[in-house]
Amino acid sequence: MLHDIVIVGGGPGGYASALYAHNFGLSVALVEMERPGGTCLIRGCIPAKHWLHVADVFSTVSHAAEFGVVTEHPTLDWPAALARKNKTVDGLVRGLAGLLKQKDVEVITGVGKLAGPGKVEVFMGGPTRALEGGAVILATGSHTRTIPGYEIDGRRIVTSDHALDWGERPRSVAIIGGGVIGCEFASFLIDLGVEVHVFEVMDQILPGSDTEAAHHLQRQLEKRGVRFHIGVAVEAPVVGPLVKLPFGDQSVEVDVVLVCVGRGPNTEEVGLETVSAVLDDEFVKVDRATMETDQRGLYAVGDIVAGTPQLAHVGFAEGIAAVTHIATGSAQPVNYRAVPRVTYSHPEVAEVGLSEAEAVEQGLDVAVVKHSFAGIGRAIIIGDNYGFAKVVSVKGGPIVGATVVGPQAGELIHELMLAVGWEALPEEAAAFVHSHPSLSEVVGETLLSAAGRSLH
Ligand SMILES: Cc1cc2nc3c(=O)[nH]c(=O)nc-3n(C[C@H](O)[C@H](O)[C@H](O)COP(=O)(O)OP(=O)(O)OC[C@H]3O[C@@H](n4cnc5c(N)ncnc54)[C@H](O)[C@@H]3O)c2cc1C
């Protein structure tokens, strides 16, 4: 049967493509082997943020006495917290299914495989179904990776897939990898009373992020008890009653090892050999303006794309770009320069555009200004006035990057996203008045400093 678009993979990249196609009245088949929702809804963004919120609630109640609110010492009903996570995920998945139905997307449950240009075969356990699309979008996403010696058994050596579904609190966890996902787990596990070690082979956590922001996060987590082992490569584990992780002449012993070392693209066994798309180190190469691969009419979006960030909102944006090109023939490229990147740990770390180091590396002559949360009234009220906002701008030119670390950084970054996206001059961005008392005043003060003036 011929559809305007056949999409393989129902995660953020795939389902956003399917939903957006409705704007153009295109007929869509969406092939998904599980429930639509993908990593993000089912075992990524949503469940991880759920656990971070559980930790926030627990910490708030634990520190309620500081605000004169007297409570009993809180305890955590882990199964109840897990049940709420499942309810949240199920609700969102059901909502998405309803939305897909409302937009006339034909959802086909099965394993999709390319079978030549414009052709997809769907394996459903019974007879195979053959689909044909005017265009095909590959959105098969990514899977967890591990390192040599750390064979995932789902019990003692696990990935985020397993850890988000733990039925009880582990006593101690060693997290291998201090990137975004590793730091988010460290943040909520320590707040929920777990002993946490983080091993990072690079010279800072959140490699590639603003170094000062990464150090701030590390210090805040250390204060709460996380033990970091930076610049350390762990050797093969010894699994006994506990798991022993040797490194150099030292070792730590924990109940569980959580491996958070990045995600690989699902580009094997999807039939890429039947088309002329080109791979770059397992990822699919695309024309960044249109998301079209080297095979005309075949598009790729989301985590499988070579060289673009593995983020749900990037998947959404790439889906929109691909569908726009399919429907109109014109390119509406994703503005990767202005994509926010957020680590939802406590404190949150949010970035957009270039860090100071990246700007310097690109030969830009930049000015960097920073304003602390320390004196921000709203931050003092909520008892969380640690961290800062930082703006990087070209001297005499536009804002090219920004970082916020502290309360609600993941929300505050969006104002700076507009400044970076619109290439605003500091004085243009600083001309707006921020409401008082709000956390966003930290951004207002930083923009004012970037414009060469200051208030507080
Ligand atoms: C713990 C964790 C936390 C995260 N937190 C965030 C966050 O806060 N913010 C953020 O932006 N990103 C976050 N991410 C990343 C985000 O989840 C991914 O970037 C996003 O899900 C990628 O979307 P996608 O559509 O490319 O792929 P996926 O979401 O991986 O979806 C791919 C889909 O394709 C299906 N599929 C694969 N092969 C086939 C096949 N052959 N046939 C049929 N179906 C197939 C899969 O079942 C899956 O449903 C997180 C990831 C993890 C693991």
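The values are calculated or read from the model by the stated rules, or taken from the named source; none is laboratory data. Given the structure is predicted, the values throughout are model-derived calculations rather than measurements. So basically every Cβ, Gly included, is an ideal-geometry build from the backbone, and we count neighbours across all protein chains shown. In case anyone asks, the SASA skips ligands and DNA or RNA and just uses the protein heavy atoms, side chains included. Shrake-Rupley method; radii C 1.70, N 1.55, O 1.52, S 1.80 Å.
A few points about this structure:
- Gyration tensor (Cα) of the range 297-351, equivalent ellipsoid semi-axes in angstrom: 26, 11, 8
- Protection-proxy order for peptides 226-234, 445-453, 94-102, each taking the mean of Cβ atoms within 10 Å per residue, highest first: 445-453, 226-234, 94-102
- Protein accessible area in the range 26-82, 1.4 Å probe - carbon and sulfur %: 63 percent
- Gyration tensor (alpha-carbon) shape descriptor, the range 207-366, a/c threshold 1.5: oblate
- Where only C-alpha atoms are counted, convex hull volume of the range 393-456 per residue in Å³: 80 Å³
- Positive minus negative residues near residue 119 (Lys, Arg vs Asp, Glu; Cβ under 15 Å): -1
- By the Cβ distance rule (another cysteine Cβ under 4.7 Å), the unpaired cysteines of the chain are 183, 260.
- Among 153-161, 190-198, the order from most to least packed when residues are scored by Cβ within 10 Å on average: 190-198, 153-161
- Per the Kirkwood formula applied to alpha carbons, the range 206-295 shows a radius of gyration over Rh ratio, Rg over Rh, of 1.16.
- Kirkwood Rh and Cα Rg combined as Rg over Rh, evaluated for the range 376-429: 1.05
- Per-residue packing, averaged as other Cβ atoms within 10 Å, sorts the ranges 338-349, 48-59, 252-263, 65-76 into the order 338-349, 252-263, 48-59, 65-76, beginning with the highest.
- Overall form of the range 1-44 per C-alpha gyration tensor (a/c, 1.5; a/b vs b/c): oblate
- Annotation: amide H-H contacts under 5 Å for residue 11 (H modelled 1.01 Å from N, sequence separation of 5 or more, or interchain): 37.
- Distance from the C-alpha centroid of the range 12-65 to that of the range 274-323: 20 Å, rounded to the whole angstrom.
- Considering only the chain, percent of DSSP beta bridges that pair antiparallel, nearest 5: 55 percent
- Cβ-Cβ FRET estimate between residue 219 and residue 172, R0 fixed at 22 Å, reported to 0.05: 0.55
- At an R0 of 35 angstrom, the distance between the Cβ atoms of residue 71 and residue 92 translates into a FRET efficiency of 0.70.
- 14 Å beta-carbon shell around residue 106, net charge (K/R +1, D/E -1): -1
- Counted charge near residue 325, where neighbours are those whose Cβ lies closer than 12 Å (Asp, Glu -1; Lys, Arg +1): -1
- With contributions of -39500 (n - 2.57) from each DSSP H run of at least four residues, the per-residue ellipticity at 222 nm computed over the chain stands at -9500 deg cm²/dmol.
- On the beta carbon distance between residue 395 and residue 103, with R0 = 45 Å, the FRET formula returns roughly 0.40.
- At a probe radius of 1.4 angstrom, the accessible area of the chain per residue rounds to 45 square angstrom.
- Net length available on complete extension from residue 332 to residue 250 is 24.2 nm, with 0.36 nm assigned per residue and the Cα-Cα distance removed.
- With all projection directions averaged, the alpha carbon convex hull of the range 152-223 covers 4.9 nm².
- Three-way shape call for the chain based on the alpha-carbon gyration tensor, with the a/c threshold at 1.5: oblate
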